[in-house]
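The values are calculated or read from the model by the stated rules, or taken from the named source; none is laboratory data. Just so you know, these numbers come straight off a predicted model, no measurement behind them. Using ideal geometry, Cβ is built from the backbone for each residue, glycine included, and neighbour counts are taken over all protein chains shown. Keep in mind that these areas ignore ligands, DNA and RNA; they rest on the heavy atoms of the full protein, side chains included. Shrake-Rupley method; radii C 1.70, N 1.55, O 1.52, S 1.80 Å.
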Amino acid sequence: MKSIEDYVHLEPKYYEAVLQNYDDLFAKQIAQINNDITNVVIYATGSSSNAAYGALPFMSNILKMPVKIEEPSIAENYLLHVEQNSLCIAISQGGHSYSVVKIIQRLQDAGNTVFALTSELDSPVGQVSHHVLDMGMPVEEMPYVSAGYSVEILDLMLLAMLIAQKTGKLSSVEFTPILAEIKNIVQKMPEVIKRASSWVENNISKFATAKRLVFIGYGAAYGVSREGETKTTEAVRISAWGKELEEYMHGPYLGLNPDDFIICLDPMGKLHDRMELLKRFLNKHVKNVYTIYAGKDESATADDLSLGITTSELLASLFMTVPVHLLAYKLSQVKKIDLQHSAYPDFDQITASKI
C-alpha cells in the first residue's frame, strides 16, 4: 500500500493528468448548467471540506458570485431551503460518505442541480447522483488522503473557471493566463516537495516532542490550516488546531501553552502584515513558532520554510499543504503508528459513517 509520502510525490503527475483532461472530465457536464445561477454551494466534510476552503477564495474571485461551504449532515437535517438557482457541488473522494449520499438525494428530490465530485464513479455517491464528475485520479489506497485532497482543490478551481466562462464572467482571453499560471505551479511542484522534505527532515526531532500543533492560516491557506489539524489528528494522534488568522486572535490565543508548536501558513497576500503582528506576539510567549511561506520573505528565519513560488495568494493552496502532509506522515513514522490499519476498526461498523 502506498503511503502519504508516496502520494505527495505523485501530486505533480496527478495535477498534470487533470490539466490535460479537464475538458473531458468537466466541460460536457458544465455545458448543461443554466446561465442564471446566482450562487454555488459546496457540500463536503473532512479533508474534502478542507480542500474546498483552500479553493474558496479563488472560486469566489473567478465566479463573481457567492460561494459557500456547508457540512452535509447539518444541511441535510436542518438547512432545508436551497434556492433553485443554486449550483450545488457535493464532494466525496471515495464516494462512500453517508452524509454526502443523503444530501445529494435530498437536494435532487427538491429539484436542485447537484454535481458530485468523486474518484470512484461506481460508489454509492456515484450511483445516486444525476451528474457525476470524475476527479481525474485513481482511488487513493491510503485511507488518510493527501493527493486526493490536493487534486480536489485543482478540480474546484478548474470547475470555477469553466462555470465562469459558461456564464460570461470570464472571457477566453482571461482564462488562458490563469491556466498558464496554474501549469507553472505544477511544473515547480517537484522543487516544492524537495524543499518541504528537507525542512521536515531537519525539524522532525523537535516536532516529535510536540504535545499540540497549531496551524494558523489566512485566505487560501485557511484550508491548509484545517488540513493540518485533520492530518495531525488522524496520522499523529495528538491534539491539533487549525485556525484562521483573525479567528485565532479572537479567543483561541488565550488557550496558548508555552510548549505549543505553532506553524503559521503565509501565502504572502493581503493579511501578511497581520500575520507578522501575530507572530511578534507568539514569539514572546512560545519557543517553537515556524512559518511556511509560499515564496521568499526577508523576515524568514532558519527554522522557517520558503516554498519558492511567487504567485497569486489565491492559488497558494495548490502547493502549501505539501509540507503539512509530509510532517504528519514523518511524525506518524517516528511514533511508530500503523496508518494502514484503523486504530478503531469497529467505528464504521457501529456508526455507519461510510456506506
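Laid out as a table, the results:
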item	result
Residue selected from segment 95-148 under the condition assigned to a helix (DSSP H, G or I) and without any contact (Cβ under 8 Å) to a residue 24 or more places away in the chain, by the criterion surrounded by the fewest Cβ atoms within 10 Å (Cβ to Cβ)	Asp109
Segment 204-217, residues that are of a type outside the set (A, V, I, L, M), more than 14 Å from the chain's Cα centre (by Cα) and open to solvent by less than 10 Å² (accessible area, probe 1.4 Å)	Phe207
The listed residue being out of contact with any Gly (no Cβ under 6 Å at 6 or more places or on another chain), without any contact (Cβ under 8 Å) to a residue 12 or more places away in the chain, under 18 Å from Ile62 (Cβ atoms) and among the polar types (S, T, N, Q), out of Ser171, Ser198	Ser171
Filtered residues of segment 141-159 (kept if among the acidic types (Asp, Glu) and farther than 10 Å from Ser47 by Cβ)	Glu141, Asp155
Checklist (1) open to solvent by 10 Å² or more (accessible area, probe 1.4 Å); (2) farther than 13 Å from Val151 by Cβ applied to Ser47, failing item	(2)
Any hit, segment 54-73, residues being more than 14 Å from Ala160 (Cβ to Cβ), assigned to a helix (DSSP H, G or I) and either open to solvent by 50 Å² or more (accessible area, probe 1.4 Å) or not hydrophobic (A, V, I, L, M, F, W, C) (or both)	yes
Residue match in segment 23-34 (condition: touching a Pro at 6+ places or on another chain (Cβ under 9 Å) and either open to solvent by 20 Å² or more (accessible area, probe 1.4 Å) or at pLDDT 95 or above (or both))	no
Failed item, numbered, when Lys169 is tested on (1) part of a helix (DSSP H, G or I); (2) open to solvent by 10 Å² or more (accessible area, probe 1.4 Å)	(1)
In segment 332-355, the residues that are in contact (Cβ under 8 Å) with a residue 24 or more places away in the chain and open to solvent by 20 Å² or more (accessible area, probe 1.4 Å)	Val334, Lys335, Ile337, Gln340, Ser342, Ala343, Ala352, Ser353, Lys354, Ile355
Failed criterion for Val18 (all others in (1) crowded, with 19+ Cβ neighbours inside 10 Å; (2) among the hydrophobic types (A, V, I, L, M, F, W, C); (3) more than 27 Å from Pro177 (Cβ to Cβ) hold)	(3)
Considering residues of segment 288-336 that are more than 19 Å from the chain's Cα centre (by Cα) and of a type in the set (A, V, I, L, M, F, W, C) only, the residue modelled with the lowest pLDDT	Ala300
Answer from Glu181, Glu201 - the residue that is closer than 21 Å to Ala27 by Cβ, among the acidic types (Asp, Glu) and part of a helix (DSSP H, G or I)	Glu181
